[in-house]
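The next block holds one structure in the form of C-alpha cells; read it before the comments.
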Amino acid sequence: MLAAILCAGIGLAMPATIDAVAQEAPVGAGAATVTGGRIAGDMESTRVFFDLDRKVDISSFYMSGPDRIVIDAPALLFRFAVPDPLEPRGLVSFRQFGAITRERSRIVLSLAEPARITAIAMDEVEPGKQYRLVIDLAKSTREEFTAMLERQRELVGASGAVVTKGDRVRKPVPAKKEGRFTVVVDPGHGGIDSGAVGKNGTEEKNLTLALGKLMKSKIAQSGPYDVLMTREEDVFMSLRDRVAFFRQNSADLVISIHADSLRLSQFRGASIYTLSETASDRLSHELAEMENMADIVGGLAASTKDDEVRGILAEFTSRETDRFSMAFSSTLVNELGKGIQLVKNPQRHAAFAVLKAPEVPGVLLEMGYLSNEEDEKLLLDSKWQDTTASLVAAAVDNFFKPRLPD
Ligand SMILES: [Zn+2]
C-alpha cells in the first residue's frame with residue numbers, strides 16, 4: 001500500500017522466489033546484496049546512497065517524533081567491504097539499516113532538521129551487476145514537514161507499524177500441558193535494531209541471540225519446561241509484538257536478555273531488572289528509556305497515549321505477577337552469584353516496556369555491559385556463556401520446582 005502511493009517508481013526486479021522459500025531459508029537468502037554506501041553533503045542538502053548488486057523495488061515515507069525518513073525494501077544483505085562507510089552527516093543525524101522481518105529490510109534516516117526527499121532513484125551503474133540507490137534530501141521547514149506527514153496520513157493511515165504488525169505472533173499456540181511450565185527466552189534487539197555496540201564491534205543483538213539459544217537448550221533439559229524464543233534469527237521484533245507473544249503463549253516466565261551500553265564505562269557485571277514505574281536508580285532509569293526506544297530505532301511509530309502496551313499497564317497491575325517476578329529475580333541473583341560477576345546491588349527496577357504484560361512474570365537480565373571492554377571480552381567467551389546459561393537454567397528450575405506436582 002505504501003509502495004503503491006509513495007514509491008518513487010523504481011525498478012521492479014524483485015526476485016519472485018524470496019517469499020516462497022522464506023520459511024526454510026535463512027534470513028536474507030537469495031536477497032540483493034548491499035556492498036557499499038555513503039552519506040555526503042551539509043545542512044542544506046544531503047545525499048545518501050547505497051550500492052547494490054541488483055535492482056529492488058523500494059518505498060519511502062516520513063515519520064515524526066523523532067523526524068525520520070524510512071525506506072522499505074525486500075530482504076537485503078548488508079555486506080560492506082569497509083566496516084561502516086555510512087557516517088552520519090548533514091541532514092542525517094543517525095541511520096540504521098537491517099532486517100525488519102524475514103522478507104523485508106528497512107533503512108531509517110533520522111533527521112537533524114526537518115527535510116524532504118527531492119529525488120530518489122535506482123541508477124544503473126553497470127547493467128546486471130551494479131546499481132545505486134540514491135536518496136537526495138533538502139532542508140525543509142517544520143510546517144512543510146508537518147504538511148507532508150498529514151498528506152501521507154490521509155493516503156495511508158498511520159505508517160510504520162503496518163509492516164510488522166502481527167508478523168511474528170500468528171503461529172498457533174499449542175495447548176498447555178498439565179505439570180509443564182512455559183518459559184519464554186527473549187533475546188533483545190535484532191535485525192535493523194543492533195542494540196549496543198562494543199568498542200571492538202560486538203553487536204548486542206548477536207550476543208543476546210547466541211546466549212538465548214544456549215539458555216533455551218539448557219532450560220529445556222533441566223525439567224518439564226516448554227521453552228519458546230521470541231526470535232531465533234537476526235530479525236527485528238517490536239516491543240509490542242514481544243509482549244503479545246508472551247501473552248499469546250501464556251508464558252509462566254519471561255527472561256528478556258540484554259548486554260547494553262551505559263555512559264559509565266567502568267560499570268560492569270550482570271544485573272537483573274524487574275518492572276516498576278519508578279526506577280531504583282538513575283542508571284536504571286536511563287537504561288529503560290534507551291531500551292524503550294527500540295521500536296523507534298526500527299522505524300515504527302513512537303508510543304502514543306493509546307499505545308497498547310501503556311494501555312495494558314493502566315488497566316491494572318497485578319501484585320501476584322510482581323511478587324513472582326521479584327521472587328525469580330532473587331533466585332536468579334542467587335544462582336548467577338555462584339559463577340559470574342554481578343554489579344553492586346544487582347536487583348534493580350525500572351519501567352521497561354517489554355515487561356509490561358500484567359499477567360506474565362518476567363525479568364530483564366543484563367548479562368554485562370558492552371560499554372565496558374572487560375565485559376565485552378567476557379560476553380564473547382564461550383566458557384563464560386556456557387556457565388551463565390547453566391546458572392540461568394538452574395535458577396528457572398529452582399523457581400518452578402516447589403510448584404511442580406509430586
Ligand atoms: Zn538492550
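Laboratory data are not the source of any read-out in this text; all were calculated from the coordinates shown. Remember, it's a predicted structure, so these values are computed and weren't measured experimentally. Glycine gets a Cβ as well: all are built from the backbone with ideal geometry, and neighbour counts include every protein chain shown.
Output the pairs from K216/K338; K205/K377; K177/K401; K129/K199; K177/K338; K199/K344 with a Cα-Cα distance over 27 Å in this structure; if there are none, say none.
K129/K199; K177/K338
Local charge for R116 was computed over the other residues whose Cβ lies under 13 Å away, with Lys and Arg +1 and Asp and Glu -1, and equals -2.
For the stretch 181-403, the Cα gyration tensor yields ellipsoid semi-axes of 23, 21, 17 Å (square root of five times each eigenvalue, largest first, whole Å). The listed peptides 136-149, 239-252, 355-368, ordered by packing as a protection proxy, come out as 355-368, 239-252, 136-149 (highest mean of other Cβ atoms within 10 Å first). Structural descriptor for the stretch 57-152: relative contact order 25 percent, calculated from alpha carbon pairs under 8 angstrom and at least 6 residues apart.
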